[in-house]
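Peer 1: Provided herewith is a single structure, encoded as structure tokens, for subsequent inquiry.
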Amino acid sequence: MESSWLHTQGEFHYGGVVKVNFAHHGKGKIDPRKLNVDPFVARLINGKMATLHELKTIYSLQDAYYLNEVLDLNEEQIYLNNKRK
């Protein structure tokens, strides 16, 4: 891929900055922040699952979903370990 694929409201759009609405922020009000990186992509990067370069050049969308699932499982395990303490 030459540029990033961005996921907003169930569709993938090719390009740069997109408007993403976060309805859960500020008492249900829509937060019209402009983001350069999609929250799904940011979650994978912050979770140390992949770099942005890897997501653009190596991994497919299906791979990204698998990485997201692994991150979910890791976070669930951390939650359960903390709950036992």
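We did not get these values from a lab; they are worked out from the coordinates using the rules stated. These numbers come from a predicted model, not from an experiment. Here Cβ is always computed from backbone atoms with ideal geometry, including for glycine, and neighbour counts include all displayed protein chains.
Peer 1: Along the Cα→Cβ direction, 7 angstrom out, place labels at residue 69 and residue 83. What is the inter-label distance in nm?
Peer 2: 2.1
Peer 1: Related question: Once fully extended, how much extra length lies between residue 62 and residue 37, figured as 0.36 nm per residue of separation less the alpha-carbon to alpha-carbon distance? It would help to have the intermediate numbers written out before the result.
Peer 2: Numbers: separation 25, 0.36 × 25 = 9.00 nm, distance 1.82 nm.
Full extension of this stretch gives 7.2 nm more.
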